[in-house]
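Trainee: One structure follows; several queries about it will come next.
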Amino acid sequence: MSVTDSTSGLSLNDILANSSIKTNTTTDGLASATGSATGNKALGKDAFLQLLVTQLKNQNPLEPQDNGAFVAQLAQFSSLEGITTLNDTVSGLASNYNSSQALQASSLVGRSVIAPGDKAVVDTTKSLSGTVVVPSSVASATLKITDASGKTVRTIDLGSQKAGNASFIWDGKNDAGETVPAGTYTFGATTTIDGKSVALITNLPATVNSVTISQTGGELMLNLAGLGSVALSKVQTIGM
């Protein structure tokens, strides 16, 4: 009686493929681990490590995880952990920055600043000091001060000026030497460059009434009494 080997020519892979044993445990295990580890949340370092361990437990013994791929996954885990730590650090820095802004803002309320603008709330019983930005050397420059109705109350001859900030002082009086009422006045400086009339930027004093702190990390805004808002970076001088 002869015995015939019916499995000749078949590999172990073929036998497993034809049997009831399935080799898709890796896929099912990873899917299950993914659902339990992450749910509807973003994949974090803990979930990533759980998926990696599940993959090792359910890998096909006939086709084990390649060493290079395993090392690459470990490197990805290390990178993910580093990014998570970096995010926590940045969040802490942002919180400290917001606290610093709030402290800075509280110290500026009620202070006098000099910032670019063409209007100023003037107490005419006191002198007002400001500057005019001169882009290049000029033979002459003129500053005109007008009231709320647009009437010119004072004209100040600044004379020849070098490039830079030209200072001026207004004593609160008109051209006739009379003290004008307190209020909001407009300052307009002009000069002639290459035969053309050019308007110049004026830096005027103002009082900080309140401060607006950006919730998105933007710049601190100073709300000037009666004049609107200006960015802190635009301020030339902060006084008492």
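Trainee: Looking at Val208, Val230, Val235, Val180, which is the one that is modelled with pLDDT of 95 or more and either among the β-branched types (Val, Ile, Thr) or more than 24 Å from Lys126 (Cβ to Cβ) (or both)? Spell out the reasoning first.
Mentor: Numbers: Val208 fails: modelled with pLDDT of 95 or more; Val230 fails: modelled with pLDDT of 95 or more; Val235 fails: modelled with pLDDT of 95 or more.
None of the other options fit; the residue is Val180.
Trainee: Is it fair to say Thr212 is touching a residue at least 60 places away in the same chain (Cβ under 8 Å) and within 26 Å of the chain's Cα centre (by Cα)? First the steps, then the outcome.
Mentor: Working: touching a residue at least 60 places away in the same chain (Cβ under 8 Å): no; within 26 Å of the chain's Cα centre (by Cα): yes.
Criteria not met by Thr212.
Trainee: For segment 157-201, name all the residues that are β-branched (Val, Ile, Thr) and more than 12 Å from Val132 (Cα to Cα). Write out each step before concluding.
Mentor: Filtering segment 157-201 for residues β-branched (Val, Ile, Thr) gives 169, 179-180, 184, 186, 190-193, 198, 201.
Of everything in segment 157-201, those that are β-branched (Val, Ile, Thr) and more than 12 Å from Val132 (Cα to Cα) turn out to be Thr179, Val180, Thr184, Thr186, Thr192, Ile193, Val198.
Trainee: While we're on this one: Considering only segment 187-209, state which residues are of a type outside the set (D, E, K, R) and over 40 Å from the mean Cα position of the chain (by Cα). Let's see the steps before the verdict.
Mentor: Restricting attention to segment 187-209, the residues satisfying the condition of being of a type outside the set (D, E, K, R) are 187-193, 195, 197-209.
Gly195 - this is the single residue of segment 187-209 that is of a type outside the set (D, E, K, R) and over 40 Å from the mean Cα position of the chain (by Cα).
Trainee: A further question follows. Considering each residue of segment 155-186, count those that are over 39 Å from the mean Cα position of the chain (by Cα), surrounded by 13 or more Cβ atoms within 10 Å (Cβ to Cβ) and of a type in the set (Ser, Thr, Tyr), and give that number.
Mentor: Adding up the residues that qualify gives 0.
Trainee: Looking only at segment 215-227, count every residue that is within 22 Å of the chain's Cα centre (by Cα) and outside any loop (DSSP other than H, G, I, E, B) and tell me the total.
Mentor: Total meeting the criteria: 3.
Trainee: So in segment 199-222, with the set limited to residues that are in contact with a strand residue (DSSP E or B) (Cβ under 7 Å, 6 or more places away or on another chain) and loosely packed, with under 15 Cβ neighbours inside 10 Å, which one is nearest to Arg111 (Cα to Cα)? Spell out the reasoning first.
Mentor: Filtering segment 199-222 for residues in contact with a strand residue (DSSP E or B) (Cβ under 7 Å, 6 or more places away or on another chain) gives 199-212, 219-222.
Cutting the leftovers down to loosely packed, with under 15 Cβ neighbours inside 10 Å gives us 199, 201, 209-210, 212, 219.
On the way: Ala199: 29, Ile201: 22, Asn209: 8, Ser210: 10, Thr212: 15, Glu219: 18 Å.
Ranking the qualifying residues of segment 199-222, first place goes to Asn209.
Trainee: Only residues in segment 179-196 that are touching a residue at least 12 places away in the same chain (Cβ under 8 Å) count as the first member; pair them with residues that are of a type in the set (A, V, I, L, M, F, W, C) and in a loop (DSSP other than H, G, I, E, B), Cβ under 7 angstrom, at least 6 apart or cross-chain, and list the lot.
Mentor: That search, which allows pairs on different chains as well, returns Gly183/Ala148; Thr184/Ala148.
Trainee: Looking only at segment 131-149, filter to residues that are touching a strand residue (DSSP E or B) at 6+ places or on another chain (Cβ under 8 Å) and assigned to a loop (DSSP other than H, G, I, E, B); which one of those is nearest to Lys173 (Cα to Cα)? Walk me through how you get there before you give the answer.
Mentor: Within segment 131-149, the subset touching a strand residue (DSSP E or B) at 6+ places or on another chain (Cβ under 8 Å) is 131-148.
Now narrow it down to the ones that are assigned to a loop (DSSP other than H, G, I, E, B): 135-137, 139-140, 147-148.
Values: Pro135: 28, Ser136: 30, Ser137: 29, Ala139: 26, Ser140: 22, Asp147: 12, Ala148: 15 Å.
Among residues in segment 131-149 that are touching a strand residue (DSSP E or B) at 6+ places or on another chain (Cβ under 8 Å) and assigned to a loop (DSSP other than H, G, I, E, B), the one nearest to Lys173 (Cα to Cα) is Asp147.
Trainee: Quick one: in segment 228-240, of everything that is assigned to a loop (DSSP other than H, G, I, E, B) and surrounded by 13 or more Cβ atoms within 10 Å (Cβ to Cβ), which residue is nearest to the chain's Cα centre (by Cα)?
Mentor: Going residue by residue through segment 228-240, those that are assigned to a loop (DSSP other than H, G, I, E, B) are 235-236, 239-240.
In the following step, the residues that additionally are surrounded by 13 or more Cβ atoms within 10 Å (Cβ to Cβ) were identified as 235-236.
Numbers: Val235: 18, Gln236: 21 Å.
Looking at residues that are assigned to a loop (DSSP other than H, G, I, E, B) and surrounded by 13 or more Cβ atoms within 10 Å (Cβ to Cβ), I get Val235.
Trainee: May I ask you to list pairs of residues, at least six apart or on different chains, whose Cβ atoms are under 9 Å apart, with the first in segment 217-239 being at positive phi and of a type outside the set (Val, Ile, Thr) and the second being in a loop (DSSP other than H, G, I, E, B) and modelled with pLDDT of 90 or more?
Mentor: Short answer, once both residue conditions are applied: Gly228/Gly117.
The values are calculated or read from the model by the stated rules, or taken from the named source; none is laboratory data. Since the structure is predicted, the reported quantities are computational estimates derived from the model, not experimental observations. Virtual Cβ from ideal backbone geometry, glycine too; neighbours counted across all protein chains shown.
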